Amino acid sequence: MQGILRNTLYLLIFAGLGLGFTSCNKFEGDQTIPAYIHIDTMMLSTDYFSQGSNTHNITDVWVYVNDQLVGAFELPATIPVLARGKQKLELRSGIKLNGIGGTRVPYPFYQPYIVNEFNFIEDSVVKVNPSTTYYNTINFAWLEDFENASISIEKTSQSDTAIYKTSPINNPEAWLSEHSSYSGEINLDDQRSVFKIASFNAFILPGLGSPVMLEIDYKCTHSFGVGMFAEISGTIVDLPLIVVNKSDRWNKIYVNLGPNISTYNNASNFKIYFESSVLDGPAKFYMDNIKLIYRSNI
């Protein structure tokens, strides 16, 4: 629980703001009739082989005009802006940190979409089709998409079962795309009621307030937990982070690891784990496109 509270407080590092949603600031001048921009969604492009899948869960857009914040808006949105003529427009991708609707922040790893001379027209709606990419300074410490022969997640001693690749190829339960024919699958039943699986590798991750995120695509009939194992002077410390709610369709969550890494800055390395247990019958869990990413502040 303390880790979850630290994660919430850590939002200040990403947002740095105490701003209300869908606010609108008046810019210099006497303009009273706004121009409007309409945005349906924000697209993400990736280099699959070095950055993994282009799946995302961008729910909001943070709008800036001439480097002044207009507001944050849930997508799709038609946004009033008190600006006219050619001005700088900047759009930042917004997410729900840890999957919580009350913790909406600009995602620190996606680059802003910028038009230096966007033409704002009073009392008119202009549709914008923004796209984003990862910053080229991002470190991808771990990518697991279940397409290789081996899986970089192992069963722990506390687990009744392991994670396996879906079968057969292109199983309709899996996340399927141009680069994806398999996903990870975990099954629990009366004989196998608990799983706790962890990344095979341990990772050296930056503290000192550096942003560190875990991205997971998932579909599951029961909730599951996400946490970290921290190795401190040869002792393994279990750090539960969040509980991910069940979802009958593929969803994506961004898990904030930074606060716990900064708190346990004497740890030599960290492993990521996933866990769940069931008492009321069978349960299925699917995962894909796992990414552990960070940017050092040093």
Exercise. Dipole of the chain, Cα-centred, from +1 at each Lys and Arg C-beta and -1 at each Asp and Glu C-beta, to the nearest 20 debye?
Worked result: 420 debye
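Can you tell me how much longer the chain between residue 265 and residue 295 gets when fully stretched, taken as 0.36 nm per residue apart minus their C-alpha distance, in nm with one decimal?
9.2 nm
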Seminar exercise, completed: Over 31 Å (Cα to Cα) among 127/219; 96/196; 165/246 -> 127/219
For this session: With a point put 7 Å past each Cα toward its Cβ, work out how far residue 179 is from residue 201 in nm, to one decimal.
Result: 1.6 nm
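So how strong a dipole does the range 113-252 carry about its Cα centre when Lys and Arg Cβ are +1 and Asp and Glu Cβ are -1, to the nearest 20 debye?
220 debye
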Problem set entry | Amide hydrogen neighbours beyond the local backbone of residue 228, cut-off 5 Å, H modeled | 239, 241, 273
Exercise. Looking only at the range 92-134, which residues have a backbone nitrogen under 18 Å from a spot 7 Å from the Cα of residue 84 in the C-beta direction?
Worked result: 118-126
Problem set entry | Percent breakdown of C-alpha pair distances by 5 Å bin, ordered from the shortest bin, for the chain | 1, 5, 11, 15, 16, 15, 12, 9, 7, 4, 3, 2, 1, 0, 0
Problem set entry | Using distinct alpha-carbon pairs, which all enter the 1/r mean, Kirkwood radius of the range 56-173 in Å | 17.8 Å
Seminar exercise, completed: Label model pair residue 38, residue 122: point-to-point distance (7 angstrom along the Cα→beta-carbon line) in nm is 2.2 nm
For this session: Report the label-to-label distance for residue 140 and residue 66 in nanometres (one decimal), using points 7 Å from each Cα along the Cα→Cβ vector.
Result: 4.0 nm
Problem set entry | the range 139-294: radius of gyration and largest Cα-Cα distance (Dmax), Å | 15.4, 45
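Bear in mind that the values in this text are calculations on the coordinates, not laboratory data. The structure presented is a predicted model; accordingly, all values stated were derived computationally and were not measured. Cβ: placed from backbone, ideal geometry, glycine included. Neighbour counts: every protein chain shown.
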